[in-house]
Amino acid sequence: MIDCAYCQRPLICDGCQTPYLPPSQEYYEALSRPEIPLHCPNCEQIVVCHWCKTPYDGQGDEVDEESEA
Ligand SMILES: [Zn+2]
Ligand SMILES: [Zn+2]
C-alpha cells in the first residue's frame, strides 16, 4: 500500500475507491514529485486522495484556491 504524500494515509483513488498501486518504480517515484500527474490505472482519471481530496494533477502543492470550494 502506498501512502498519500500529503496526509500519510493509504492512497485510495477517490473516483473508484481503489488503492492506488504504481505500475512501476518510475510511477512510485513520481509520488514524491508533485509536478508529475498521476492517473489511476483502474478508472484512468487523475488520482485524488480519498482522505484529503488532494489531486495528483501535476500542479504541485502550491496553494490552490479552487480546492477550498
Ligand atoms: Zn491524502
Ligand atoms: Zn480510480
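The values are calculated or read from the model by the stated rules, or taken from the named source; none is laboratory data. Quick caveat: nothing in here was measured; it's all calculated off a predicted structure. No Cβ is skipped: glycine too gets one built from the backbone with ideal geometry, and neighbour counts run over all protein chains shown. Just the protein is used for accessible areas: all its heavy atoms, side chains included, with ligands, DNA and RNA removed. Shrake-Rupley method; radii C 1.70, N 1.55, O 1.52, S 1.80 Å.
Remark: accessible surface ordering of Leu31, Leu11 (largest first) is Leu31, Leu11, probe radius 1.4 Å. Counting only protein chain heavy atoms and rolling a 1.4 Å probe, the accessible areas of Ile36, Ile12 rank, largest first, as Ile36, Ile12. For Glu29, the shell of other residues with beta-carbons less than 15 Å away shows a net charge of -2, using +1 for Lys and Arg and -1 for Asp and Glu.
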